[in-house]
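The values are calculated or read from the model by the stated rules, or taken from the named source; none is laboratory data. The shown structure was predicted, so the numbers you read here are calculated from the model rather than taken from an experiment. Positions of Cβ are backbone-derived with ideal geometry, glycine not excepted, and every protein chain shown enters the neighbour counts.
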Amino acid sequence: MVLSSSSSRTLRNSIEFHTRNISYLSSSSSSSSTKVFNSILETQAFGCTNNGARSSYLGLAFLKDTRRGFAKGKKSKDNDGGSTVEVVPDIGPTVKATAIAQMEAATVALSRELSKLRTGRASAGMLDHIIVETGGVKAPLSRLAVISVMDSKTLSVTPYDPNAIKELERAIVSSPLGLNPQVDGQRLIAAIPPLTKEHIQAICKVVSKSAEDVKQSIRRARQKAFDTIKKAASSIPKDDIKRMEKEVDELTKKFIKSAEDMCKSKEKEITSS
């Protein structure tokens, strides 16, 4: 397309006029800017051929899109005209799995601590926590020997290496269990002495303290889960927040009851021995 000198000058003047109004359009109120824009649309590109006029209106269409870009508070849209929607991931499964893992770890630790407490009955697990140093290396007694229950009052400890029997004996005597094993060939025989009333009361206090400690650990896991939910609350529906908090509360009650049952069982075992 070729424009005459006069048409080209007129078109250039018209474009300059439109350009000067961009700043006004971007800062004016909606009604004011609409009036100005309509006046621009009514401006004719005198001296232009039909193709020139068409080009002028194409330019105005671009100006119209530009004006839209200046609109305050206007959300950007994609090419299809739809607003961009942020997809929020479901954190429920992750929060629940993390809480379960932490609460399970607390109950496992409780079970391990309770097994260390001596009762009046023989139990192979009561020696699991004893550490033996042999050949300059420290290892749990359960990895160095076979521990078996001969009767309700007697334990047998048979080392895999007979040469380590003295180290095993020394470790058992040094433990807080109050056992005094005797060498019987290639094994140790440990008699479980009866518990005194004072000893029973002291052990029950330890059980109660262990129960409170594990409850606190479980409640801390609950609070961590709630904190995670709270941080993401702004992007989660209220119904989902309530559902997740309810699930965590149910888990908390379940694990606390499990810990209480374990401690009650241990106390019963201690007092009935």
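Some notes on this structure:
- Hey, K230 among the basic types (K, R) and either surrounded by fewer than 17 Cβ atoms within 10 Å (Cβ to Cβ) or modelled with pLDDT under 95 (or both) or not: yes
- Given (1) surrounded by 13 or more Cβ atoms within 10 Å (Cβ to Cβ); (2) in a loop (DSSP other than H, G, I, E, B); (3) more than 41 Å from the chain's Cα centre (by Cα), number of the condition L177 does not satisfy: (3)
- Yes/no for E169 being of a type outside the set (A, V, I, L, M, F, W, C) and either in contact with a strand residue (DSSP E or B) (Cβ under 7 Å, 6 or more places away or on another chain) or under 30 Å from A139 (Cα atoms) (or both): yes
- Members of region 160-174 found to be more than 16 Å from H129 (Cα to Cα) and crowded, with 19+ Cβ neighbours inside 10 Å, listed by number: I165
- Hits in region 181-223 - residues which are in a loop (DSSP other than H, G, I, E, B) and modelled with pLDDT under 90: I192, P193, P194, L195, T196
- Qualifying residue in region 222-233 (condition: closer than 19 Å to M103 by Cβ, in contact with a Leu (Cβ under 9 Å, 6 or more places away or on another chain) and of a type in the set (D, E, K, R)): yes
- Some residue of region 254-264 being basic (K, R), surrounded by 12 or more Cβ atoms within 10 Å (Cβ to Cβ), under 24 Å from E104 (Cβ atoms) and at pLDDT below 95: yes
- In region 93-147, residue nearest to R170 (Cα to Cα) [restricted to those that are of a type in the set (D, E, K, R) and in a helix (DSSP H, G or I)]: R143
- Scanning region 116-157 for residues that are surrounded by fewer than 17 Cβ atoms within 10 Å (Cβ to Cβ) and more than 29 Å from E198 (Cα to Cα) turns up E133, G135, G136, V137, K138, A139, P140, S142, R143, V146.
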